[in-house]
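These notes concern the structure reproduced below.
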């Protein structure tokens, strides 16, 4: 007599960022059957194959938790992935994931879509994510989307955690050597690393004593200095607010939502921190450019958004979506 093998899940949801990957196997009724986590997803640095291997680690852990011995694990995969910034990259990653045999159908989207779907009851609205970088997407129930390349300065972007840190360091360096006006950043930034001035901070970063990746630690320092009224730091925060609102407003306009009440979801570490000066200024500027927009900070895990997009594609009943949301709180 054969052993009964658990049926594949309806959806294998994947949310992969630069620092971590989450996988969740979802039943047709919205029940979470198993979850797993692995490391960061960085195909530009590691190559597509090794990056998909990282996804596989999270998938294997979710499958073990669900009691599934081997692929296929699900009917379809809904993957929202960092570094899938262009449609051609989404297609390449979808092909690479499909080759693993984890599910019969694969759909890959940029990870910003997960933030958007996690924050709305149906796929309608705009999301701006400000984490290490900055990105914006919008979508409508009929499948139309609005998006940007989000390739940094190459595609006209400004800000995000890395950009804010670099801008703060730039102004602080110039304040110390006399090329720029005074700012409290010149003392506050090196002080974060136990240094007395910008010159030793610059030297330490240049020579590798302080890894360049640690500069993101300076973002909260920037907001503290701005909150104290420093004009230079305040101007940087003001520009970040303007960039967020510019992205959201253009996306709303492209989707014909400027004249309708529509959600604008704010996510990523910089926006989720709800720095008062930045948060207030975004809402002020948005109320002027898109008076009917409803800004909300999303704190739900992005894998929820990936899973909801997967259930949307299966035609699952509304109760399934509610059950899934309840699981993730």
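Derivation of every value follows stated rules applied to the coordinates shown; laboratory data play no part. Worth saying up front: this structure is predicted, and the values here are computed from it rather than measured. Here Cβ is always computed from backbone atoms with ideal geometry, including for glycine, and neighbour counts include all displayed protein chains.
Multiplying the residue separation of residue 95 and residue 122 by 0.36 nm and subtracting their alpha-carbon distance yields 7.0 nm. Taking every alpha-carbon pair in the stretch 15-84 and binning the separations at 10 Å intervals from zero gives 22, 52, 24, 3 percent. Based on the Kirkwood radius over alpha-carbon pairs, what is the Stokes-Einstein translational diffusion coefficient of the chain at 4 °C with 1.567 mPa s viscosity, in µm²/s? Result for D is 62 µm²/s. Potential lengthening of the chain between residue 20 and residue 272 amounts to 89.0 nm, from the contour at 0.36 nm per residue minus the alpha-carbon distance. For the stretch 118-209, the orientation-averaged shadow of the C-alpha convex hull comes to 8.5 nm² (one quarter of the hull surface). To the nearest ten degrees, helix 218-227 and the longest principal axis of the Cα atoms of the chain are 60 degrees apart.
Against the chain, whose longest principal axis comes from its Cα atoms, helix 48-66 is set at around 60 degrees.
Here the spin labels are modelled as points 7 Å beyond Cα on the Cα-Cβ line, and at residue 61 and residue 206 they lie 4.1 nm apart.
With a Förster radius of 25 Å, plug the Cβ-Cβ distance of residue 37 and residue 69 into 1/(1 + (r/R0)^6) and report the FRET value to the nearest 0.05. Plugging the Cβ-Cβ distance into 1/(1 + (r/R0)^6) gives 0.80.
Kindly identify the stretch 207-251 as rounded, prolate or oblate by the Cα gyration tensor criterion: order the square roots of the eigenvalues as a ≥ b ≥ c, call it rounded if a/c is under 1.5, otherwise compare a/b with b/c, prolate if a/b is larger, else oblate. Because a/c hits 1.5 or more and a/b fails to exceed b/c, the stretch 207-251 counts as oblate.
Return the Rg/Rh ratio of the stretch 64-117 with Cα-based radii and a Kirkwood Rh. Working shown, then result.
On the way: Rg = 12.1 Å, Rh = 11.8 Å.
Rg divided by Rh gives 1.03.
Note the per residue figure in Å³ for the convex hull of the C-alpha positions in the stretch 122-298.
Convex hull volume per residue, Cα atoms: 115 Å³.
Which distance in Å, rounded to a whole number, links the C-alpha centroids of the stretch 50-120 and the stretch 273-329? If we compute the Cα centre of each part, the gap is 21 Å. Packing, taken as the mean count of other beta carbons within 10 Å per residue, orders the peptides 205-213, 163-171, 42-50 from highest to lowest as 163-171, 42-50, 205-213.
Taking the fewest neighbouring Cβ atoms within 10 Å as the starting point, the ordered list for 270, 32 is 32, 270.
Based on a Kirkwood Rh over C-alpha pairs, give the Stokes-Einstein translational diffusion coefficient of the stretch 207-329 at 10 °C and viscosity 1.306 mPa s in µm²/s. Estimated diffusion coefficient is 94 µm²/s.
Of the two radii for the stretch 58-200, the radius of gyration is 1.16 times the Kirkwood radius, both from the alpha carbons; that is the Rg over Rh value.
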